[in-house]
Every structure is written in structure tokens, then in C-alpha cells.
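A short worksheet on the structure shown next.
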Amino acid sequence: MPPDEYESRNDSVLAWKKSQKLGRFAPDAPSIEEQKIRALQREVDERGIEPGKRCHLLPGTDDRRGTVRFVGAIPQIPGLGPWVGIALDEPSGKNDGSVKGERYFECAPNCGVFVRPERVEVGDFPALDDLGEEMEEI
């Protein structure tokens, strides 16, 4: 049954929910945007992402490591909910902790990056010492 036809029926579960003001039809129900923001904030809380914690990005595919310096909304970046600002150990980032002139945290040039919470894993991740390992092989 096409969605338009189902929505127009009076004998459906959808019609009953509308008449009873349940679920998304409740007067105090959060909007879809609010639900997404709450879900992202829950993810931040559940994963323990907070300023000062060591982290690495995209576990298994991206070996960049750093320290969480900022968690929150950034109006200059499109997308709802919190962003995670990370000061990377090496200059492989996109910024210096600022976005369009607004500073969110301090770090060296090209050592800052803002990512979504699902791309961050916090834990005991020491800085990578790539140069030291290379020098030992020589």
C-alpha cells in the first residue's frame, strides 16, 4: 500500500496514534532534529568523550591520535548536535582549533580537527613515535 493511501485511512494504527496523540503526534514530542541531537549527546556521554581525554580517530582505519579539547555544537559547521574538537599529535589536521574565525580550543596550526562523536574512541593512546621507530631501523 502506498504511504499516501495509508496516511489517508481512518482505520489504521497511524490514525489511532494521531487521535490519541501518541508518539510523534504527542504535543510535547521532540522534533526529529531534537531527537537526533539527543542521540548524538547520548553517544558522547556513553563513550566518555570529554575534554582532556586521549583519543584516536576512526579505530582501525585512521591512526591519528590526539587529545579531546572541545565537545559541543559549532554553528559554523553544518549538521546537528555536538562536534568533537581534537588537538592532534601531528600536523595532519585541517585547522588550529578555530572555525571561520571563531576559536574553540588552542592548538598548533594544522593540528586541529572537528569530527563527529562516532569517529572518536577515547582511551589510553600514547603519542605515536614514528620517527623513533624509523631511526632505530637505520
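For Pro30, only one of the following conditions fails: (1) loosely packed, with under 15 Cβ neighbours inside 10 Å; (2) modelled with pLDDT of 85 or more; (3) not polar (S, T, N, Q). What is its number?
Against the list (1) loosely packed, with under 15 Cβ neighbours inside 10 Å; (2) modelled with pLDDT of 85 or more; (3) not polar (S, T, N, Q), Pro30 comes up short only on (2).
Given the structure, is Arg64 surrounded by 12 or more Cβ atoms within 10 Å (Cβ to Cβ) and touching a residue at least 12 places away in the same chain (Cβ under 8 Å)? Step through it out loud before you land on a result.
Numbers: surrounded by 12 or more Cβ atoms within 10 Å (Cβ to Cβ): yes; touching a residue at least 12 places away in the same chain (Cβ under 8 Å): yes.
Criteria met by Arg64.
For the stretch 77-104, enumerate the residues that are at pLDDT 90 or above, surrounded by 13 or more Cβ atoms within 10 Å (Cβ to Cβ) and in a loop (DSSP other than H, G, I, E, B).
Residues satisfying the conditions are Pro82, Asp89, Glu90, Ser92, Gly93, Asp96, Gly97, Tyr104.
If we keep just the residues of the stretch 36-62 that are among the charged types (D, E, K, R) and touching an Asp or Glu at 6+ places or on another chain (Cβ under 9 Å), which is modelled with the highest pLDDT? Let's see the steps before the verdict.
We begin by selecting, within the stretch 36-62, every residue among the charged types (D, E, K, R); these are 36, 38, 42-43, 45-47, 50, 53-54, 62.
Subsequent filtering for residues that are touching an Asp or Glu at 6+ places or on another chain (Cβ under 9 Å) retains 43, 47, 54.
Working: Glu43: 90, Arg47: 91, Arg54: 96.
Restricting to residues being among the charged types (D, E, K, R) and touching an Asp or Glu at 6+ places or on another chain (Cβ under 9 Å), the top hit is Arg54.
The values are calculated or read from the model by the stated rules, or taken from the named source; none is laboratory data. It should be emphasised that the depicted structure is a prediction, and the values quoted were computed from it without experimental measurement. Here Cβ is always computed from backbone atoms with ideal geometry, including for glycine, and neighbour counts include all displayed protein chains.
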